1. Search region 13-38 for residues being under 18 Å from the mean Cα position of the chain (by Cα) and of a type in the set (F, W, Y), and hand back the single one that is surrounded by the most Cβ atoms within 10 Å (Cβ to Cβ).
2. Among the residues of region 79-131, write down those that are surrounded by fewer than 14 Cβ atoms within 10 Å (Cβ to Cβ), polar (S, T, N, Q) and not in a helix (DSSP H, G or I).
3. Are any of the residues in region 49-56 among the small types (G, A, S), part of a helix (DSSP H, G or I), more than 20 Å from Y160 (Cα to Cα) and at pLDDT below 95?
4. If you take the residues of region 39-57 that are more than 14 Å from R100 (Cα to Cα) and touching a helix residue (DSSP H, G or I) at 6+ places or on another chain (Cβ under 6 Å), which of them is most open to solvent (accessible area, probe 1.4 Å)?
5. Return a yes/no flag: does region 68-77 have any residue that is open to solvent by less than 20 Å² (accessible area, probe 1.4 Å), out of contact with any Ser or Thr (no Cβ under 6 Å at 6 or more places or on another chain) and under 18 Å from A116 (Cα atoms).
6. Pick from L137, L145, L177: which is in contact (Cβ under 8 Å) with a residue 24 or more places away in the chain, of a type in the set (A, V, I, L, M, F, W, C) and open to solvent by 20 Å² or more (accessible area, probe 1.4 Å)?
7. Of all residues in region 61-88, which are more than 19 Å from G99 (Cα to Cα), over 15 Å from the mean Cα position of the chain (by Cα) and in contact (Cβ under 8 Å) with a residue 24 or more places away in the chain?
Amino acid sequence: MNNMKENILSVYNKAYPTQHEIGMQWYAKAHRLARDMSIQHKLKSYRYAAGILSVLSPASNWERNIVDAHAVCAAKDGDKIVVTTYGQFLAKALAIKNGRDPDTVISKVTGKKTWAFYQCISKPMNDIHVVVDRHALAIVLGRPLGDLERGQMLKRVGMYAKISDAYKEAAASVGILPLQMQAITWTVWRDRNV
């Protein structure tokens, strides 16, 4: 775990001031977006918009994710909706749009990353959830991974929790929230490794 924490801090310490600020505010901005979306599209609450954004996130960049979420929210019954993620996630987004509580649609067990993303957008000051995506995994290991290796790594029992704990420890050592540590390091890693 120490090596993971050190790898996270190594990337964190490379952040330019603008990357640091972007990461510090990332989830707060996403939360405001969810609030605005819920008002614009007359959803039950911001949690529903956060759920839609979260379930549409696999295989999608953030900018496209936002476009897709608005498309789902604005669609009328019978409209053909084209999104960049997989079909089962569109079905979940539509279920949430149509009133199913995101807490019952998003699985804490089989959708750990999506669940964490939903929680971080819904509660941008929480100190519990960490989004472990391909960038977060590469950061803790100190190197990029291919799709196969990444999939095998995240399927290991307890690996998601171990990575999440490393982010929590790294964040505590510098006095920020774990989700802020993840967002800052994600920004640095993405900017330098794309």
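The values are calculated or read from the model by the stated rules, or taken from the named source; none is laboratory data. If you're wondering where the values come from, they're calculated on a predicted model, not measured in any experiment. Cβ coordinates were reconstructed from backbone atoms using ideal geometry, including for glycine residues, and neighbour counts include every protein chain displayed. Please note that ligands, DNA and RNA were not included when accessible areas were found on the heavy atoms of the full protein model with its side chains. Shrake-Rupley method; radii C 1.70, N 1.55, O 1.52, S 1.80 Å.
1. Restricting attention to region 13-38, the residues satisfying the condition of being under 18 Å from the mean Cα position of the chain (by Cα) are 19-35, 37.
This time we only want the ones that are of a type in the set (F, W, Y), so: 26-27.
Values: W26: 21, Y27: 25.
Looking at the filtered set, the residue picked out is Y27.
2. N98, S107, T110, listed by residue number.
3. So far as region 49-56 goes, no, none of its residues is among the small types (G, A, S), part of a helix (DSSP H, G or I), more than 20 Å from Y160 (Cα to Cα) and at pLDDT below 95.
4. H41
5. Checked against the condition, which is being open to solvent by less than 20 Å² (accessible area, probe 1.4 Å), out of contact with any Ser or Thr (no Cβ under 6 Å at 6 or more places or on another chain) and under 18 Å from A116 (Cα atoms), region 68-77 yields at least one hit.
6. Working: L137 fails: open to solvent by 20 Å² or more (accessible area, probe 1.4 Å); L145 fails: in contact (Cβ under 8 Å) with a residue 24 or more places away in the chain.
From the options L137, L145, L177, the qualifying one is L177.
7. Result: V83, T84, Y86.
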